[in-house]
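In what follows, a structure is listed as structure tokens, so that the remarks can point back to it.
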Amino acid sequence: MKSFLKEVIIDLHNNDTTISDLIFIVPSKRAGLFLKKELLAMYPNRVFFAPLIYSIEEFIVELSGLRQIDNTQTLFEFYETYLNTHTHLPKEDFETFSTWAQTLIYDFNEIDRYCIDHKSFFNYLSEIQDLNHWSLQKEKTDLVKNYILFWENLLEYYTNFKNKLISKKIGYQGLLYRKASEDIKKYISTAKKTHILLGFNALNNAEQTIFKSLLETNLAKLYWDADHFFLDNPYHEASLFLRSYKNQWEYYKQNPFEWVQNNFSQEKDITLLGVPKNIGQAKSVGQLLQSIAPTDMEKTALVLADETLLQPLLNSLPGTVNAINITMGLPLKEVPIAAFFELLFNLHKTSSQRGFYHKSVIEILNSLPTRRLLGFFSQKLISIISRENIVYVTLQKLKETASDAEKEILNLLFNNWTDATKALTSCKKIILQLKTCLDKEKNELELEYIYHFHIIFNKILAINEAYTYINTIASLHSLYKDILTTETLDFLGEPFNGLQIMGMLESRCLDFDTVIITSVNEGILPAGKSTNSFIPYDLKRAYNLPTYKEKDAIYTYHFYRLIQRAKKVYLIYNTEDEGVAGGEKSRFLLQLEIDKRPNHTLNKYIVATEVPKPSKQLLHVYKNENIVTKLKQLANHGLSPSALTSYIRNPLDFYYKYVLGINEADQVEETIAANTLGTVIHNTLETFYKPLENKNVTINDLKKMKDQIDNQLQKEFRQEYSNLNITQGKNLLIFEVAKRYIFNFLTSEEEILKKGSELKIVSIENNLKAELHIPELGTPVFIKGKVDRIDILDGQLRVIDYKTGRVTKNETIIMDWDATIEDYKYSKVIQILAYAYMQQTKHPIQDSFVAGIISFKNLQEGFLKFGTKESIRGKVNYEITNSIFEEYLHRLKQLILEIFDSKIPFIEKEV
């Protein structure tokens, strides 16, 4: 099947038209390139002057005599107009202004492109706002008056803005269109060549004026790319605009409407593919491309309705694709370095006199660019921040251990951005430093990325010098993001070679045998009702401005035009209707089913990834000679109760922590952690009770302790957290909880004494160690630990372990001894009896004694003594005797023998 452009060239050739004397006007530059290709194919052995080929935007610039400016410059020019209009009124700063001005500029653009009578339009708009919001109020507040005044002043803002730009011979797109339509008669008076207008669809009023003027003066020939099926069906949106031109233009009452063909109803193989998620779509495209012969690849178009799919798609291309041509740019906001500068802007926007928030600093230090610049020193700084628990980090602190070269980098990253110029200068210097690193690595892709960011910061610097309205880092960040969203990294390649990857707009006027379109979902294709405008829907309808209905019709035309000459069509949509980029499948797919032509073959598939049955392989670590040697060293040094219970909970945890020596990485604690709370309470009680060792506790002693709780706790917290604020927020609540725990504990001690009991402190925080006789190991084995408190209450020795967490009575009483080394629930028993055994070994006593836990979170239960019982309803025996130690040591030896057995690996336990 011939392409549309080829058909046009053949028609011109058949009419003996001299190609060199023509001016071609096409919808896009891309279409112009393909037009040149068709011209060369039509006249392969003929030398001729190439005709002038303009994209519509280039032709409009030519007609208007104005230079088009980008959105950023337009915004600043408008701000100058805003400041210089009604100077007696209060004015907003640039940052606030930019939040609404972009929308207003978009509306100005639409008004100009459609050549609306702006005087009546803005008067109408201000009256609507007055009527809608405030007309019923008898007395208007200053806020209401200012609001209405803003709408009343829009006409003057627009007029002054337009005149200002024209005087500078510059303009935004809409202004160029209006000026071009106004100057078309002047152009026609001097024009001599015939204009060939190709493949247009939705024309704004300015374009219609220009095209009709050229047609009516016989200076143009207009080729539409219409299809009978769409044009003859009044309900079909694909020809919404073409039908109106055919029926309403005076030119077509005397002249034929060219061309209406019958391509869509020809033979087509259409496949609808439902695929979950964007990555799934990219993978499915890769599989489809594998089925296409390399010789057919040049006749294949891959059209991305959602251009964010480009990166995952490039990573999914099969090896059979030898060459690609990408006509869409990679958005710069998607490249890795963009995330780094976003972190940097956020850091400096939120800086305070106390310093930078530690999480922001660590994020930057962990980023790849910083690691390139600082090497291992970045990780060293992270360790310092975590180890010293620095919540707000200062530049001075970061530079304490840095070399001169490292200090220079740290200054660039963390020296306060006092103004926009300093910020931009720092960013440019960072890019130059990164360039040096990347030159050494010969990383060409990353160099290309940072080169484009260098251009962006130069552009912002030039804007800042020209306009001087960027007064805060926040406004600079806003401007940076606006520019970044419009900048792309363009790909270079042979324009006609290999697979063609493009967006929907790049497909205008182009035809392919095989077409693959991705993200055919509602909200993407078509885009839906989302709009960014101050103009109400009714006012748009009254002035024939485009609404979401017309925009949907534009997408409909592009979609159907792209497939009307194709032989094979693959339409891929995301089946996930929730989450990011989610949405139901496009109405276009349903429409294709309803409008299915007899020559169409329509297949529908849902792609499902084969999900393997999860079978988690528990990790096994087999014991070699080195591990056994390390275990013997542990045994000689002393195994702590917590090490033994760690093995019961998960042998792999024991291996990581006690054999390999791997501990959890330090993290900055903004709020007091549970383990630190326990440490502080233990240290406070040690301070209170240590002077009473070998003495009886009196009520007076306890009262003195109560008076000192606040001061002592503050001292302990300061020792643990030198920089943490405990006077407000969550930390204050935790501090008060610690006070309450200690106060309640001392009160319970008072109640014991008030009942006439006698309490003597034997030792506080006493380090104990005892040898276990396990001859099978052939090496000495010790257990060690620090027992929180040993006292004598009414003649009975008590071994006490403090717990700040909640412990219940059933965790300290057992019926089955074997469960102590099998069930982590009884870990408290292992610890209690370990302390009891070590105490008994060091200071043997003839009488029985008790051991247990005092749980600060469960003080109402009192002292939770270890006990044994024969049955659920049986009587509990709390006395610790030699028979108890025999049972305990028997199980403990079993546990240690298992740990040391070289035939038994460390096996991960399922959580």
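The values are calculated or read from the model by the stated rules, or taken from the named source; none is laboratory data. These numbers were taken from a predicted model, which means no experiment stands behind them. Neighbour counts are summed over all protein chains in view; Cβ atoms, including those assigned to glycine, are modelled from backbone coordinates with ideal geometry.
Residues of segment 487-512 that are part of a helix (DSSP H, G or I) and either among the acidic types (D, E) or touching a Leu at 6+ places or on another chain (Cβ under 9 Å) (or both): E506, S507. Against the definition (of a type outside the set (V, I, T), part of a strand (DSSP E or B), within 53 Å of the chain's Cα centre (by Cα) and assigned by TED's automatic domain parsing to the domain that holds G862), how does D818 come out, yes or no? For D818, the condition - of a type outside the set (V, I, T), part of a strand (DSSP E or B), within 53 Å of the chain's Cα centre (by Cα) and assigned by TED's automatic domain parsing to the domain that holds G862 - is not met. Among the residues of segment 244-256, the one identified as under 22 Å from D595 (Cβ atoms) and touching a residue at least 12 places away in the same chain (Cβ under 8 Å) is K246.
Okay, residues lined up against (1) assigned to a loop (DSSP other than H, G, I, E, B); (2) of a type in the set (V, I, T); (3) assigned by TED's automatic domain parsing to the domain that holds E822:
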position	(1), (2), (3)
A851	no, no, yes
N858	no, no, yes
I872	yes, yes, yes
E886	no, no, yes
L889	no, no, yes
L895	no, no, yes
K909	yes, no, no
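Residues considered: A293, A323. Of these, the only one that is surrounded by fewer than 16 Cβ atoms within 10 Å (Cβ to Cβ), farther than 17 Å from F491 by Cβ and more than 31 Å from the chain's Cα centre (by Cα) is A293. If you filter segment 3-27 down to residues that are aliphatic (A, V, I, L, M) and not in a helix (DSSP H, G or I), you find that the one that is surrounded by the fewest Cβ atoms within 10 Å (Cβ to Cβ) is L22. Within segment 522-541, does at least one residue satisfy the condition of being surrounded by fewer than 15 Cβ atoms within 10 Å (Cβ to Cβ), under 29 Å from the mean Cα position of the chain (by Cα), of a type in the set (S, T, Y) and assigned to a helix (DSSP H, G or I)? Looking through segment 522-541, none of the residues is surrounded by fewer than 15 Cβ atoms within 10 Å (Cβ to Cβ), under 29 Å from the mean Cα position of the chain (by Cα), of a type in the set (S, T, Y) and assigned to a helix (DSSP H, G or I). Among the residues of segment 862-911, the ones that are of a type in the set (V, I, T) and within 24 Å of V807 (Cα to Cα) come to 7 in all.
Can you tell me which residues in segment 774-784 are surrounded by fewer than 21 Cβ atoms within 10 Å (Cβ to Cβ) and either hydroxyl-bearing (S, T, Y) or within 21 Å of Q831 (Cβ to Cβ) (or both)? Matches in segment 774-784: I774, T779, F782, K784. Screening L273 with (1) outside any loop (DSSP other than H, G, I, E, B); (2) surrounded by fewer than 15 Cβ atoms within 10 Å (Cβ to Cβ) gives one miss only, at (2). For residues that are among the basic types (K, R) and not in a strand (DSSP E or B), scanning just segment 553-609, find the one that is farthest from F512 (Cα to Cα). The qualifying residue farthest from F512 (Cα to Cα) is R587. Identify the single condition in (1) farther than 30 Å from G795 by Cβ; (2) part of a helix (DSSP H, G or I) that K903 does not satisfy, given that it satisfies every other one. Failing condition for K903: (2).
Residue count for segment 132-182 under the criterion of being farther than 30 Å from N204 by Cα, at pLDDT 70 or above and of a type in the set (F, W, Y): the result is 1.
In segment 78-103, the qualifying residues are those that are in contact with a Phe, Trp or Tyr (Cβ under 7 Å, 6 or more places away or on another chain) and closer than 15 Å to K164 by Cβ, and the one that is surrounded by the fewest Cβ atoms within 10 Å (Cβ to Cβ) is T85. Considering every residue within segment 306-328, establish whether at least one is part of a helix (DSSP H, G or I) and farther than 23 Å from G280 by Cβ. Looking for residues that are part of a helix (DSSP H, G or I) and farther than 23 Å from G280 by Cβ, one finds none in segment 306-328, hence no.
Taking segment 227-286 as the range and being polar (S, T, N, Q), modelled with pLDDT under 95 and closer than 30 Å to I606 by Cα as the test, the residues that pass are N263, S265, Q266, N278, Q281, S284.
Of the set (1) in a helix (DSSP H, G or I); (2) charged (D, E, K, R); (3) modelled with pLDDT of 90 or more, all apply to K769 but (1).
Every residue, every condition in (1) not assigned by TED's automatic domain parsing to the domain that holds V515; (2) not in a helix (DSSP H, G or I), yes or no:
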| site | (1), (2) |
| --- | --- |
| K253 | yes, no |
| P256 | yes, yes |
| Q281 | no, no |
| D296 | no, no |
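Residue-level check: of (1) more than 29 Å from the chain's Cα centre (by Cα); (2) not assigned by TED's automatic domain parsing to the domain that holds L272, D511 misses just (2). Residues that are among the acidic types (D, E) and either touching an Asp or Glu at 6+ places or on another chain (Cβ under 9 Å) or not in a helix (DSSP H, G or I) (or both) do occur in segment 409-419.
For segment 860-870, the set of residues classified as in contact with a helix residue (DSSP H, G or I) (Cβ under 7 Å, 6 or more places away or on another chain) and part of a helix (DSSP H, G or I) consists of E861 only. Is it the case, given these coordinates, that G805 is over 25 Å from Q894 (Cβ atoms), out of contact with any strand residue (DSSP E or B) (no Cβ under 8 Å at 6 or more places or on another chain) and in the same structural domain as Y878 (by TED's automatic domain parsing)? In short, no.
Is it true that some residue in segment 711-733 is loosely packed, with under 12 Cβ neighbours inside 10 Å, of a type outside the set (K, R) and at pLDDT 85 or above? Within segment 711-733, one or more residues are loosely packed, with under 12 Cβ neighbours inside 10 Å, of a type outside the set (K, R) and at pLDDT 85 or above.
In summary, I450 fulfils each of the numbered conditions (1) surrounded by fewer than 19 Cβ atoms within 10 Å (Cβ to Cβ); (2) of a type in the set (A, V, I, L, M); (3) in the same structural domain as T370 (by TED's automatic domain parsing) with the single exception of condition (1).
Yes or no: T841 buried (at least 19 other Cβ atoms within 10 Å of the Cβ), among the polar types (S, T, N, Q) and either more than 30 Å from K739 (Cβ to Cβ) or not assigned by TED's automatic domain parsing to the domain that holds F654 (or both)? No: the conditions fail for T841. Restricted to segment 610-638, and to residues there that are assigned to a loop (DSSP other than H, G, I, E, B) and touching a strand residue (DSSP E or B) at 6+ places or on another chain (Cβ under 9 Å), the residue that is nearest to L772 (Cα to Cα) is G638. As a summary of the residue check, L314 satisfies the conditions (1) under 30 Å from E494 (Cβ atoms); (2) in contact (Cβ under 8 Å) with a residue 60 or more places away in the chain except for the one numbered (2). In segment 176-231, the qualifying residues are those that are within 51 Å of the chain's Cα centre (by Cα) and β-branched (V, I, T), and the one that is nearest to G32 (Cα to Cα) is I196.
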